[in-house]
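Just so it is clear, none of the values below were taken in a lab; they were calculated from the coordinates. Note that this is a predicted model, so its numbers are computed, not measured. Quick reminder, even Gly has a Cβ in these numbers, built from the backbone with ideal geometry, and neighbours come from all protein chains shown.
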Amino acid sequence: MKKKLEALQKAIGYTFKDEKLIIEALTHKSYKQPYDNERLEFLGDAVLDLVVGEYLYTRFSNSNEGKLSKIRASLVNETGFEKLAIYLNLGEYIYLSNAEENNGGREKASLLSNAFEALMGAIYLESGLATVQKIAIDLIEKNHDEISLDYLFRDFKTTLQELTQARFGTIPEYKLIASRGPDHKKEFEVAVIIEDKEYARAIGKSKKIAQQEAANIAVEMLKKEK
């Protein structure tokens, strides 16, 4: 198991100073030890809520509290954490009873999600918030096609198109203003134009995200123009 633990630590980019912490984080209550990962899971849940909240506050600077809360709720939940756990192959590292393993425990969404939270809680205990933030946000950004931020904003472009068709009898145009940064960390700036007038600009890690955020801003502007 020691080699497996080394492989997991390499995957997350963090090496535990206290091996007992990572073992506790990966120990399901069915394994019948004097410890399990439930307390670390509780801690990790709270830490991730804060970390993801700060990340979204910074990344989507034009989004209001309601939208930020919706995005956070879609990421900080069992499904979101299960996907990150699957990305790390976390199921194969968990300490389970034979009965739980035979019952498909290594593929259970709740078990994987809980183990991910516990792992983040363990890292927080040992190295603090900044380390958890770096690791968790890196994982979220690597998996943004699966935990799709585009999907979260799916209605803004549609809403804007419906508004502009009703009000102006036309549809909005999206213009790429600039792309900046290296290939692995590119940012795109997009403007939304309605009847030759620029209504909003936004920046995103993909053209789609930038378009959706620009559409979101334009929708709010059009509502105020009524």
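Tally Lys and Arg at +1 and Asp and Glu at -1 over the other residues with C-beta under 12 Å from the C-beta of A214: what net charge comes out?
0
In sequence order, what are the phi-derived ³J(HN,Hα) couplings for region 163-173 according to the Karplus relation 6.51 cos²θ - 1.76 cosθ + 1.60 with θ = phi - 60°, rounded to whole Hz, with x for glycine and proline?
Along region 163-173, the couplings run 5, 5, 5, 5, 8, 10, x, 9, 10, x, 10 Hz.
Amide H neighbours of F16 under 5 Å, counting only residues 5+ apart in sequence or on other chains, H built in-plane at 1.01 Å?
Those qualifying (amide H under 5 Å, at least 5 residues apart or on another chain) number zero.
Can you pull the one-decimal nm distance between simple spin-label points at A46 and D138, each 7 Å off the Cα toward Cβ?
2.6
Give me the aspartates and glutamates in straight-line cross-link reach of K108: C-alpha distance below 15 Å, same-chain residues under 8 apart excluded.
Leaving aside aspartates and glutamates fewer than 8 places away in the same chain, those within reach of K108 are E78, E82, E92, E100, E117.
So what's the angle, to the nearest 10 degrees on a 0 to 90 scale, between helix 78-87 and the longest Cα principal axis of the chain?
Helix 78-87 sits roughly 70 degrees off the main axis of the chain.
About the Cα centre of region 2-149, how large is the charge dipole given +1 on each Lys and Arg Cβ and -1 on each Asp and Glu Cβ? Please answer in debye to the nearest 20.
220
Take each of the peptides 3-9, 190-196, average the number of other beta-carbon atoms within 10 Å over its residues, and list them starting from the highest.
190-196, 3-9
Give me the distance in nm between label points sitting 7 Å out from Cα along the Cα-to-Cβ direction at F168 and R180, one decimal.
The answer from the label model is 2.6 nm.
Extending each Cα 7 Å along its Cβ direction at T15 and S97, get the distance between those two points in nm, one decimal.
3.6
Under the Karplus relation 6.51 cos²θ - 1.76 cosθ + 1.60, θ = phi - 60°, what is the ordered set of whole-Hz ³J(HN,Hα) values for region 110-127, x standing for Gly and Pro?
5, 5, 5, 4, 4, 5, 5, 4, 5, 4, 5, x, 5, 5, 4, 4, 7, 10
May I ask you to evaluate 6.51 cos²θ - 1.76 cosθ + 1.60, the Karplus curve with θ = phi - 60°, for each residue of region 61-74 and list the ³J(HN,Hα) values in order in whole Hz, giving x for glycine and proline?
5, 9, 8, 7, 4, x, 5, 4, 5, 5, 5, 4, 4, 7
When a/c reaches 1.5 or more, the comparison of a/b and b/c decides; with that in mind, is region 153-224 rounded, prolate or oblate per its Cα gyration tensor?
prolate
Any chance you could count the Lys pairs in region 182-226 whose alpha carbons are under 18 Å apart, treating pairs 8 or more apart or on different chains as valid?
Lysine pairs meeting both conditions in region 182-226 amount to 9.
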